[in-house]
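My questions will all concern the structure given below.
Any read-out appearing in this document is the output of simple, stated calculations on the displayed coordinates, not a laboratory observation. Note that this is a predicted model, so its numbers are computed, not measured. Here Cβ is always computed from backbone atoms with ideal geometry, including for glycine, and neighbour counts include all displayed protein chains.
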Amino acid sequence: MNFKKTEDQRAIRATVRDFAEKEILPHRMEWDEGQIFPRALFSKMGELGLMGMLVPEALGGAGMGYFEYKIAIEEIAKVCGSIGLSMAAHNSLCTNHILMFGSEVQCKKYLPDLASGQAIGAWGLTEANTGSDAMRMRCTAARDKARGGWVLHGTKNWITHGISGDVAVVLARTGELLDSRGITAFIVTRGQEGFSGGKKENKLGMRSSETAEMIFDGCFVPDDQVIGEVGDGFIQAMKILDGGRISIASLALGIAKGAYETAKAYSKEREQFGKAISQFQAIAFKLADMHTSIEAADLLTLQACFLKESGKPVTKESAMAKYQASEMCVRVATEGVQVLGGYGYTKDFPAEKFYRDSKLCTIGEGTSEIQKLVISREIINE
């Protein structure tokens, strides 16, 4: 495994970094404090290819791989975790689900708009009482043979772009409770009768990434909007999460790198007792620990990218990368606040935002506890 950056990858990093500094940084705190989801920004991101990074060029995407995808999410998240989260959810969950399991007709119909950022994607798995225990979902899809489709009833919770999403991939129960073959994936578009956005969550962090309910009240979905075979939804979702965990690991790395770089720069400028605080062992050792932790998580994530690109099993490695990177992110962001001291607790510096945003990484797309469950099952069965 050679993880040396190619010339193209270095160019992608520079391009995305420049975009984030110009288009996101000036508005970061305004969006965060107002809980503003900057819809127009994602059209600009689409023009750069950031909204369809894994989508083939023939379908309007950038045609890139997971290494390039990792780089882009990191650079966005180093400036704003919220925008990085929305980008990750759009690419890895909704768009990638259609790309991996959709028919040729579905891919041609939905992916060009998703890849260009003209349409925003959402992915509906989680419900109020079925977070980690997805097979107990209560959202149902009943067969309507007369009309040639399905009728959805139920509510999805904690959905990124639950209100603003234009295209949603929704997992609903079509069989018996606890039957892994009793869940089916559907494509539902904004404007379909019976589909609406619900409560928007007021969150600790990631405040400019919209998180809301999706409500289905007798929403009719025709057969041509079923993804794959009826009953394959849960199995599809588990495979999607393998890749999704790489994106959350990348998100965590970006937030951690932003927190580390903020702390490092501050420590070299802030003077106490006649010298920069970076010259004191107490601070220097914090920076050493932060840097080492980031590098270790980075390597795990690169390994997962390599396996995914190679078409090899990645369940264990993506869970390891997500678990290590997200827990590391919280530690590094906490230490970042500590290095800045009182200033780190104010909104005049970004340390407090990195701190608030970091926690989501240990919860979203499978909690740290679920990652350990996945890892333990994989290693025991090796």
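With the Cα gyration tensor of the stretch 169-238 in hand, give its eigenvalues times 5 under a square root as the equivalent ellipsoid semi-axes, listed largest first in whole angstrom.
The equivalent ellipsoid of the stretch 169-238 has semi-axes of 25, 16, 11 Å.
Also: Averaging sequence separations of C-alpha pairs under 8 Å and six or more residues apart, then dividing by the length of the chain, give the relative contact order as a whole percent.
Computed value for the chain: 16 percent relative contact order.
While we're looking at this one, here's another question. Set the Förster distance to 41 Å, then compute FRET efficiency between M100 and R270 from the Cβ-Cβ distance, nearest 0.05.
Taking R0 as 41 Å, the efficiency between M100 and R270 is 0.25.
Now a separate question. Pop the C-beta distance of F3 and S196 into the FRET formula with R0 = 41 Å and round what comes out to the nearest 0.05.
Approximately 0.35, to the nearest 0.05.
Can you tell me how much longer the chain between T367 and E21 gets when fully stretched, taken as 0.36 nm per residue apart minus their C-alpha distance, in nm with one decimal?
Full extension of this stretch gives 121.5 nm more.
Okay, moving on. Which of the trypsin sites (Lys or Arg not before Pro) found in the stretch 130-180 are in a DSSP loop and have at most 12 neighbouring Cβ atoms, other than their own, within 10 Å?
In loop regions of the stretch 130-180 (DSSP not H, G, I, E or B), the sparsely surrounded trypsin sites (Lys or Arg not before Pro) are K145, R147.
Right, another one. Which semi-axis lengths, in whole Å and largest first, follow from the square roots of five times the eigenvalues of the Cα gyration tensor of the stretch 7-120?
24, 16, 11
A follow-up question, please. What area, in nm² and to one decimal, does the C-alpha convex hull of the stretch 330-382 cast on average over all directions?
Its average projected convex-hull area is 4.3 nm².
Going through the cross-link list K44/K322; K70/K108; K109/K308; K264/K347; K257/K286; K70/K312, which pairs have a Cα-Cα distance over 20 Å in this structure?
K44/K322; K70/K108; K109/K308
Test of understanding: ordering R207, R377 by Cβ neighbours within 10 Å, fewest first, what list do you get?
So the ranking, lowest neighbour count to highest, is R377, R207.
Report, in degrees rounded to the nearest 10, the 0 to 90 angle that the Cα long axis of helix 66-79 makes with the longest principal axis of the chain.
Taking Cα atoms only, the helix is inclined about 60 degrees.
Translational diffusion coefficient, Stokes-Einstein: compute it for the stretch 122-231 using the Kirkwood radius over C-alpha pairs as Rh, at 10 °C and 1.306 mPa s, and state it as an integer in µm² s⁻¹.
Answer, rounded: 114 µm²/s.
Hand me the trypsin sites (Lys or Arg not before Pro) from the stretch 257-344 located in a DSSP loop with no more than 16 other Cβ atoms within 10 Å, in residue order please.
Sparse-neighbourhood loop trypsin sites (Lys or Arg not before Pro): R270.
Still on this model: Using a Gaussian network model of the chain with C-alpha springs under 10 Å, which one of A284, A249, A185 is most mobile by mean-square fluctuation?
Highest fluctuation among the options: A284.
Per 20 Å bin, what is the whole-percent P(r) computed from every C-alpha pair distance within the chain?
29, 57, 13, 1, 0
Suppose a student asked you for the relative contact order of the stretch 7-120, using Cα pairs under 8 Å spaced at least 6 residues apart; what percent would you report?
33 percent
Taking amide H atoms as placed 1.01 Å from N in the peptide plane, list the residues 5 or more away in sequence, or in a different chain, whose amide H sits under 5 Å from that of D144.
G149, W150, V151
Using only Cα atoms and rounding to the nearest 10 degrees, what angle (0 to 90) does helix 281-309 make with the longest principal axis of the chain?
Between the helix axis and the principal axis of the chain, the angle is about 30 degrees.
Given Cβ point charges of +1 (Lys, Arg) and -1 (Asp, Glu) and nothing else, what value in debye, to the nearest 20, does the dipole of the chain about its Cα centre take?
Roughly 460 debye for the chain.
Residue farthest toward the positive end of the dipole of the chain, with Cβ of Lys/Arg at +1 and Asp/Glu at -1: which of H153, C329, A319?
Working it through, the farthest residue towards the positive pole turns out to be C329.
Now a separate question. Tell me which residues come under 5 Å, amide H to amide H, from G231 once H is placed; ignore anything under 5 positions away on its chain.
So G231 has HN proximity to I183, T184, A185.
Calculate how steeply helix 104-116 sits against the longest principal axis of the alpha-carbon atoms of the chain, using the helix alpha-carbon long axis, and give the answer as 0 to 90 degrees to the nearest 10.
30 degrees
Could you tell me what a quarter of the Cα convex hull surface of the stretch 235-380 works out to, in nm² with one decimal place?
The Cα convex hull of the stretch 235-380, projected and averaged over all directions, gives 9.3 nm².
Also, I was wondering about something else. Could you check the simple spin-label distance between Q279 and L299, using points 7 Å along Cα→Cβ, in nm with one decimal?
Once both label points are built, they end up 3.3 nm from each other.
Per-residue ellipticity at 222 nm for the chain, helices alone: DSSP H runs ≥ 4 residues times -39500 (n - 2.57), over residue total, nearest 500 deg cm²/dmol?
The per-residue figure over the chain is -15500 deg cm²/dmol.
Rounded to the nearest 0.05, what FRET efficiency is calculated for S43 and N129 with R0 set to 35 Å and r the Cβ-Cβ distance?
According to the calculation, E is roughly 0.45.
Report the extension gain between R136 and T292 in nm, rounded to one decimal, defined as 0.36 nm multiplied by the number of residues separating them, less their alpha carbon distance.
Full extension of this stretch gives 52.1 nm more.
Modelled label-to-label distance, A58 and L177, 7 Å Cα→beta-carbon offset: nm?
Distance between label points: 4.5 nm.
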